[in-house]
Amino acid sequence: MAESDWDTVTVLRKKGPSAAQAKSKQAITAAQRRGEEVETTKKWSAGQNKQFLVTKNTAKLDSETEELHHHRVSLEVGKVIQQGRQEKGLTQKDLATKINEKPQVIADYESGKAIPNNQVMSKIERAIGLKLRGKDIGQPLEPKTKK
């Protein structure tokens, strides 16, 4: 008598769309056709490499008359690197491989586009045997004596 009161009910649920599928243009138009409520918002600076919001300091920087930029490697240093590399018979790629850097780094230093990095500069100095920093740029590098 108690068994007849209970019916077995089987509920089959279809899995909802994944996050990527729910965002697709197809899924949005299908939801709109079904009459479902769809909320769309435009992300601020989406797809760009902007990480910070515009602040009041930006206006100060814009009105600043002084040139604010990073100092680059001088063309004199670039020419010294190029001459030292050619004297040793190395290509830009060979020199880059020798100092464990990318060939583009050497190209940037030679063309004067690079922002000087002391570690890279010292590697290049040792590889070509010429000074790149200080007063006597282009002079032979004295080998360090071991103590």
Please state the relative contact order of the range 95-144 as a whole percent: Cα pairs under 8 Å, 6+ residues apart? 25 percent
If you project the alpha carbons of the range 106-147 onto the principal axes, what extent comes out on each, in Å, largest first? 37, 18, 15
Report ³J(HN,Hα) in whole Hz for each residue of the range 90-105, in order, from the Karplus equation J = 6.51 cos²θ - 1.76 cosθ + 1.60 where θ = phi - 60°; Gly and Pro get x. 9, 8, 4, 5, 4, 5, 4, 5, 5, 9, 6, 10, 7, x, 5, 4
Largest to smallest accessible area among THR8, THR97 [probe 1.4 Å]: THR8, THR97
Here P(r) for the range 73-133, Cα-Cα distances in 10 Å bins, as whole percents, is 26, 68, 6
MET121: net charge of surrounding residues, Cβ under 12 Å, Lys/Arg +1, Asp/Glu -1, itself excluded? +2
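The values are calculated or read from the model by the stated rules, or taken from the named source; none is laboratory data. This one's a predicted model, so the numbers in the text were calculated from it and none came from an experiment. Reconstructed Cβ throughout: ideal geometry from the backbone, glycine too, with neighbour counts over all protein chains shown. With ligands, DNA and RNA removed, areas are computed over all heavy atoms of the protein, side chains included. Shrake-Rupley method; radii C 1.70, N 1.55, O 1.52, S 1.80 Å.
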